[in-house]
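Worksheet: one structure, shown below.
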Amino acid sequence: MNGSKKLESLRARYWAAVAFLAGGLLAWSAYRATVLSLAHDEARSFLRFGSAGPKAIFDPDRYDASNHVLYSLLSWLCTSAFGSGELAIRLPSVVAGMFLVFAAARFFQVLAGYSALAFGGVLALVLVPLVMDFSVAARGYGLALALSLWAWARMAESPGVPRRRVLLELGIVQGLAVGANLGFVFPNLAFSIVFLGLLLARG
């Protein structure tokens, strides 16, 4: 009983700390997204794709590696609803930054439990300056990282053969991650191969 209470206490403190970190990062990213001018690549991608709508975003004749398809679509939705200010253009990244904290927390919790080591892993990942910039920039890197981490956490927490619902979730989330940034096809493919190999080894 005492062990159960201790685990519940550790769980509560862990997720409270994660929520505090996520809220702080959300506030900081929203502030930076509001006051920083758009960089050249952000403006170019938005003007060519995000502001043009789904027809341009999904047009195969306008293929461009700078078109992070899922991000462009979300940016178009946000600016359609809130206008074309810096914060609206960057809003998907700002929200994805908060989601990234929870995805990282789930990933490290699977690896190290509700421990200081797990929370230290979260801090070490999300407070890297480049990752924090991804939580502001109007690009798909941060969104793709958050979605990928969520999928990897789901893989790591599956000790046996998962249900079909979990496999479907993994496929959808990893597909969205690649849609947010095509470069993430490589780490997701590598994790998927290892995961499927482990499933086959388990029978």
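The values are calculated or read from the model by the stated rules, or taken from the named source; none is laboratory data. Treat the numbers as computed from the prediction; the structure is a model and nothing was measured. A quick note on method: Cβ atoms are made from the backbone with ideal geometry, for glycine too, and the neighbour counts reach across all protein chains shown. Quick note on the areas: whole protein, heavy atoms, side chains included, nothing else; ligands and nucleic acids left out. Shrake-Rupley method; radii C 1.70, N 1.55, O 1.52, S 1.80 Å.
Key figures
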| read-out | value |
| --- | --- |
| Residue check for Ala56: in a helix (DSSP H, G or I), open to solvent by less than 30 Å² (accessible area, probe 1.4 Å), of a type outside the set (S, T, N, Q) and free of Cβ contacts under 8 Å to residues at least 24 places away in the same chain | yes |
| All positions within the stretch 70-83 that are surrounded by 17 or more Cβ atoms within 10 Å (Cβ to Cβ) and of a type in the set (A, V, I, L, M) | Leu70, Leu73, Leu74 |
| Selection within the stretch 12-27 - touching a residue at least 60 places away in the same chain (Cβ under 8 Å) and open to solvent by 70 Å² or more (accessible area, probe 1.4 Å) | Arg13, Trp15 |
| Residues being buried (at least 18 other Cβ atoms within 10 Å of the Cβ) and either farther than 15 Å from Tyr141 by Cα or among the hydrophobic types (A, V, I, L, M, F, W, C) (or both) - total across the stretch 186-203 | 1 |
| Residue list for the stretch 30-53, restricted to those being at pLDDT below 95, small (Gly, Ala, Ser) and assigned to a helix (DSSP H, G or I) | Ala43, Ser45, Gly50 |
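Residue by residue, here is whether (1) without any contact (Cβ under 8 Å) to a residue 24 or more places away in the chain; (2) open to solvent by 50 Å² or more (accessible area, probe 1.4 Å); (3) in contact with a His (Cβ under 6 Å, 6 or more places away or on another chain); (4) among the β-branched types (Val, Ile, Thr) holds:
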{"position": "Ala105", "(1), (2), (3), (4)": "no, no, no, no"}
{"position": "Leu127", "(1), (2), (3), (4)": "yes, yes, no, no"}
{"position": "Leu145", "(1), (2), (3), (4)": "no, no, no, no"}
{"position": "Ser148", "(1), (2), (3), (4)": "no, no, no, no"}
{"position": "Trp152", "(1), (2), (3), (4)": "no, no, no, no"}
{"position": "Arg163", "(1), (2), (3), (4)": "yes, yes, no, no"}
{"position": "Val166", "(1), (2), (3), (4)": "yes, no, no, yes"}
{"position": "Val178", "(1), (2), (3), (4)": "no, no, no, yes"}
{"position": "Phe184", "(1), (2), (3), (4)": "no, no, no, no"}
